[in-house]
Amino acid sequence: MGKNTLTITDNRTGKAYEIPIEHETINAKHLRQIKVNEDDFGLMSYDPAYMNTASCKSQITFIDGDKGILLYRGYPIQQVAEKLNYLQTAYLIINGEVPTAKEYDEWSWNITHHTMIHENIKKFIEGFQYDAHPMGILVSTLAALSTFYQDAKEIKDAESRKLQIYRLIGKVPTIAAAAYRHSMGLPYVYPDNELSYAGNFLNMLFKMTEPKYEPNPALERALDVLFILHADHEQNCSASAMRSVGSSHADPYCSMAAAAAALYGPLHGGANEMVLHMLKEIGSKNNIPSYIKRVKAGEVLLMGFGHRVYKNYDPRARIIKQISEEVFEVTGRNPLLDIAIELERIALEDEYFIKRKLYPNVDFYSGIIYQAMGFPVAMYPVLFAIGRASGWLAQWQEMLLDTEQKIARPRQIYLGAKERDLQVSKAKREAVHR
Ligand code: CMC
């Protein structure tokens, strides 16, 4: 094998440069030595939307998009979903290893005992309009938490970070449930520490007058698996937002508010909501061909299809499709599933989708399960956010501990006006001040 370097010849000057290759990557900073003369700023790389730029070194999640492989800390997602619960997965993602029994007891005790929210946070949520989107409530309330936990600014203190991690993983479901109850005009339900993470969330959502809420075990497990499947997905839009805002040393509440805001968009975590609207719009299997025609004409997107990294079946979509059957045994079959399955079948045989390697992603089937479980459509991205909270925190902490990281600050190619004199006539200036 030859040398692990790249030789670049600058045809403007005829000079050759040897640049090291590490981890199949060149460091963009090494391009800066390539100059036409000493005053030259040096060569930059241009990569809108980070199509081919690694912004960090990470040890959390690995995706092989061509093979459809997803690993959390090296473990295949199928095994994690089968053998761990969500809180074990969150620990694994944040700390790198599956917790021992003692570590798990401490971890889950601390998270369970940080599920309560301050009564003023409840008042804050009550201030939203009755029809406020729960994702808007989540984003705002996460940012508002920053005003309650001012100690969270100690981002360099490991103990303080640990406390904020307990608080955030504990409180996100409580805020999510309060947002739902608010939209229904129902009183908020306090957490029940005797229930599991997913079971308590169902309690805070659906408890009515019964003294003790008993979650259905099949639905509780299905929700827990859905949280696991959404826990992390390496450098996606919201993880990048978390890292980017966190890189300015903002506290984790503000950083997570930014991450949740990024997730809200229909091209990211908001897609599950859009899939449901799309399936309802299609309405019946007979209408699928005409919908596919509109997708191919570029009029609409096939929501829940396609991914920046996966050019194969998203392994999370496969697991969700499997657990949907277990959910439907309890809730009854969601008729939208038949439309979704047929839509997938037709799309996967169509040249348009084959050529572009467009497959179902995590959002294609999740909404159908959420609907069967009784969640209103607007809650779907919020459910995504609950699972993803652990991933955001893992990415945030890894960024803070990485000595190669600094405040995120991309460069630009400036194509605007050259420096010029501002000419404003006296008459114009007087007109403005009148
Ligand atoms: N329906 C129809 N055409 C599509 C779709 C789609 N869902 N996704 C991509 N394409 C086409 C796109 O028009 C382009 O075609 P052409 O080469 O002719 O211009 C080609 O496929 C490549 O797409 P792209 O937009 O360059 O791909 P991207 O990597 O920038 O976008 C994506 C990835 C997820 C934003 C996009 O596939 C999409 O908008 N999908 C629908 C929304 C969705 O389901 N989002 C959830 C993503 S998974 C959950 C998460 O982690 O956020």
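The values are calculated or read from the model by the stated rules, or taken from the named source; none is laboratory data. Because the structure is predicted, anything quoted here is derived from the model rather than measured. For neighbour counting, all protein chains shown are included, and Cβ atoms are generated from backbone atoms with ideal geometry for every residue, glycine included. Protein only, heavy atoms only, side chains kept; ligands, DNA and RNA dropped before computing areas. Shrake-Rupley method; radii C 1.70, N 1.55, O 1.52, S 1.80 Å.
Tabulated results
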read-out: Selection of GluC sites (Glu not before Pro), segment 141-237, meeting DSSP coil and at most 10 other Cβ within 10 Å; value: Glu194
read-out: Segment 125-234: trypsin sites (Lys or Arg not before Pro) in DSSP coil with no more than 15 other Cβ atoms inside 10 Å; value: Lys156, Lys212
read-out: Protein accessible area in segment 63-404, 1.4 Å probe - carbon and sulfur %; value: 54 percent
read-out: Between segment 167-215 and segment 288-357, the Cα center-to-center distance that results, in Å; value: 31 Å
read-out: Nonlocal amide H pairs with Phe305, under 5 Å, H built at 1.01 Å; value: Asn361
read-out: Cα long-axis angle, helix 315-331 against the chain (0 to 90 degrees, to the nearest 10); value: 20 degrees
read-out: Debye intensity ratio I(q)/I(0), log10, the chain, q values 0.06, 0.14 Å⁻¹ (C-alpha model); value: -0.31, -1.31
read-out: Cut-off under 5 Å, modelled amide H: who pairs with Lys15 long-range; value: Asp10
read-out: Entries of Lys123/Lys207; Lys3/Lys29; Lys83/Lys357; Lys3/Lys35; Lys296/Lys355; Lys280/Lys355 with Cα pairs more than 22 Å apart; value: Lys83/Lys357; Lys3/Lys35; Lys280/Lys355
read-out: Whole-Å distance, taken between Cα centres, linking segment 43-59 and segment 376-434; value: 17 Å
read-out: Which of Cys254, Cys237 is most accessible, then next, and so on - probe 1.4 Å; value: Cys237, Cys254
read-out: For segment 252-302, with +1 on Lys and Arg beta carbons and -1 on Asp and Glu, the positive-most of Gly269, Pro289, Leu302 along the dipole; value: Pro289
read-out: Cα long-axis angle, helix 101-112 against the chain (0 to 90 degrees, to the nearest 10); value: 90 degrees
read-out: Formal net charge of residues neighbouring Pro211 (Cβ-Cβ distance under 14 Å; K, R +1; D, E -1); value: -2
read-out: Longest site-free stretch - the chain; sites: chymotrypsin sites (Phe, Trp or Tyr not before Pro), DSSP loop, at most 12 other Cβ within 10 Å; value: 131-413
read-out: Relative contact order for the chain, counting Cα pairs under 8 Å that sit 6 or more residues apart, in percent; value: 19 percent
read-out: More than 17 angstrom apart: percent of Cα pairs within segment 286-344; value: 51 percent
read-out: Top of Ile320, Ile63, Ile413 by mean-square fluctuation, Gaussian network on the chain, Cα under 10 Å; value: Ile413
read-out: Under the Karplus curve 6.51 cos²θ - 1.76 cosθ + 1.60, θ = phi - 60°, whole-Hz ³J(HN,Hα) for segment 61-74, x wherever Gly or Pro sits; value: 10, 10, 10, 9, x, 6, 8, x, 10, 9, 10, 9, 6, x
read-out: Interchain or long-range residues, amide H under 5 Å from Thr5's placed H; value: Ile21
read-out: Computed accessible area, Val36, all protein chains, 1.4 angstrom probe, square angstrom; value: 80 Å²
read-out: Crossing angle, helix 237-246 versus the chain [Cα axis fit, 0-90 degrees, rounded to tens]; value: 70 degrees
read-out: Accessible area of Ser290 in the full protein assembly, 1.4 Å probe (Å², nearest 10); value: 70 Å²
read-out: Residue-averaged 222 nm ellipticity for the chain, from DSSP H runs of 4+ at -39500 (n - 2.57), nearest 500; value: -16000 deg cm²/dmol
